[in-house]
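**Q** Take a look at this one; I'll ask things after.
The values are calculated or read from the model by the stated rules, or taken from the named source; none is laboratory data. The structure presented is a predicted model; accordingly, all values stated were derived computationally and were not measured. A quick note on method: Cβ atoms are made from the backbone with ideal geometry, for glycine too, and the neighbour counts reach across all protein chains shown. Note: areas computed on protein heavy atoms with side chains; ligands, DNA, RNA excluded. Shrake-Rupley method; radii C 1.70, N 1.55, O 1.52, S 1.80 Å.
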Amino acid sequence: MTRFLVASVAAATALSMTACGGSNDTSGPVEGSWDDVVAAANAEGSVMLYSSQKPANLEALKAAFTAKYPDITMDFVRGADTELLPRIETENRTGSGTADVHMVTDAAWITAASESGAYSTEVVGPDFDAADYDRSTSVKNDTFFLSSAAVFGLGWNTAAVPGGLTTPDDLLNPDFRGRIGIVDPTGFASYVDLYRHYAETYGADYWDRIAELQPRVYPSALAVAQALTSGEVVASPMVQPLVTEVEAGAPVGWALPENPWGTPWYTHVLSASTHPNAAQVLADFMVTPEGQAALNNGYAAALPDIPGSVERAQSIASPDPKDLTSERVEQYSREWTQLFRG
């Protein structure tokens, strides 16, 4: 998930300035057929992805990509958008790119960047035109493409909660006092949107009632999942589907409530890429059935019938950037801190 960095208006201004003053002189993919692009990508020999996806899925993507394109070494840097967005902006400004492809969930940044064209190169791979992918609803301005979506639901430790959970209201149980795990949304636009969704769906006092049960606070949904596995907490209203954990035999269960909250990942090929052809090949691979299967275990996939996916990414609406300005995120963060930390 992402920490909100700038308001959408400020982001648009900054991106426009970067587009005018930055150094985006790296060439794009070669002219010619897709086979020509692949041949040039093989000659480049490597590609780098920046992403906030969970490491297990990125490793699976790397393995699947390498199996199909053995002449191209894929590497990735995994980090929150708070870490990756400044790096992307610096690399774009200096024209010295390390990243070739970038996955991001920050709705304001995606909107501003896709409209300005400051960071991205048009995607050219053939799989973006596949009928099942539906380019018209999945690609923004020919540059940012839907590749995945995080969906959040309920999680529990099966030893402590053998009957499981079906709705967030099930956590409003005095027996769970001090044993609920929640994520700190301070500064995170996506988590602020999640908290608001729960308040709108389950009652304006939902979080007040959770606060009365003295939940434990964690920096990320991944940390909450780890706490559920260890038994440090026994229930949570906000974890990503624990598919990987269940497959590994962890004592956890999960369920999506009706009307679950989620946030899409959009991906783009960077105009500062030093491997512009390999970047296009990786981007195209990410929307193939093999790429989607690798990338979306426990997530919402951008193609139908992907094993391990829990939803269709196109059904997950992006947060409205206008509701997640830096001022509003900061205000909600202060209110949350007062409620949960006193």
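**Q** Which aspartates and glutamates, if any, have their Cα less than 17 Å from the Cα of residue 140, not counting same-chain residues under 8 positions apart?
**A** Of all the aspartates and glutamates, those that pass the test against residue 140 - Cα under 17 Å, at least 8 places apart if same chain - are 106, 115, 122, 127, 129, 132, 284, 320.
**Q** Here's a follow-up. Could you work out which residue, out of 118, 80, 149, moves most in a Gaussian network model of the chain, that is, has the largest mean-square fluctuation with Cα springs under 10 Å?
**A** Judging by the Gaussian network model, the answer is 80.
**Q** For segment 198-300, would you read off the P(r) tail past 16 Å as a percentage of all alpha carbon pairs?
**A** I get 70 percent for the Cα pairs in segment 198-300 exceeding 16 Å.
**Q** Using a 1.4 Å probe, how large is the accessible area of residue 217, given in Å² and rounded to the nearest 10?
**A** Residue 217 exposes around 40 Å² with every protein chain in place.
**Q** Answer with one residue from 133, 164, 50: the one whose Cα lies farthest towards the positive end of the charge dipole of the chain, charges on Cβ with Lys, Arg +1 and Asp, Glu -1.
**A** Toward the positive end, the furthest listed residue is 164.
**Q** Next question, about the same structure. Any idea what the alpha-carbon Rg over 2.2 N^0.38 Å comes to for the chain? All intermediate terms of the calculation are to be shown ahead of the outcome.
**A** Details: Rg = 20.3 Å, N = 342, 2.2 N^0.38 = 20.2 Å.
After normalising by residue count via 2.2 N^0.38 Å, the value is 1.01.
**Q** Something else now. What is the Cα centroid distance between segment 294-342 and segment 70-137, reported in whole angstrom?
**A** The distance from the Cα centre of segment 294-342 to that of segment 70-137 comes to 18 Å.
**Q** For the peptides 267-279, 306-318, what is the packing order when you average, over each peptide's residues, the other Cβ atoms within 10 Å and list the highest mean first?
**A** Values: 267-279: 26.4, 306-318: 18.1.
Going from most to least packed, we get 267-279, 306-318.
**Q** Rounded to the nearest 0.05, what FRET efficiency do residue 122 and residue 322 have when you use their Cβ-Cβ distance and R0 = 25 Å?
**A** 0.40
**Q** Go through 232-242, 332-342, 92-102 and give me the packing order, highest mean Cβ count within 10 Å leading.
**A** Output ranking for 232-242, 332-342, 92-102: 232-242, 92-102, 332-342.
**Q** Identify all lysines with a Cα-Cα distance to residue 54 below 17 Å; exclude those on the same chain that are fewer than 8 residues away in sequence.
**A** Straight-distance partners of residue 54: 62.
**Q** I'd like the carbon and sulfur percentage of the solvent accessible area for segment 240-291, probe radius 1.4 Å, heavy atoms only, ligands and nucleic acids excluded.
**A** Roughly 56 percent of what the probe reaches on segment 240-291 is carbon or sulfur.
**Q** Could you give the nm distance between label points at residue 33 and residue 73, where each point is 7 Å from its Cα heading toward the beta carbon?
**A** Result: 3.0 nm between the two label points.
**Q** Further question: Given the DSSP H assignment, sum -39500 (n - 2.57) over each helix run of at least 4 residues in the chain and divide by its residue total; what's the result at 222 nm in deg cm²/dmol, nearest 500?
**A** -12000 deg cm²/dmol
**Q** What is the extension gain from residue 201 to residue 131, computed as 0.36 nm multiplied by their sequence separation minus the C-alpha to C-alpha distance, in nm to one decimal?
**A** Stretched fully, the residue 201-residue 131 segment lengthens by 21.8 nm.
**Q** Still on this model: How much FRET efficiency would the formula 1/(1 + (r/R0)^6) give for residue 208 and residue 305, where r is the Cβ-Cβ distance and R0 is 35 Å, rounded to 0.05?
**A** 0.25
**Q** Still on this structure: Taking a spot 7 Å from the Cα of residue 42 along the direction of its beta carbon, which residues of segment 56-70 have an amide N less than 19 Å from it?
**A** Residues 64-70 qualify, since their backbone N sits under 19 Å from the label point.
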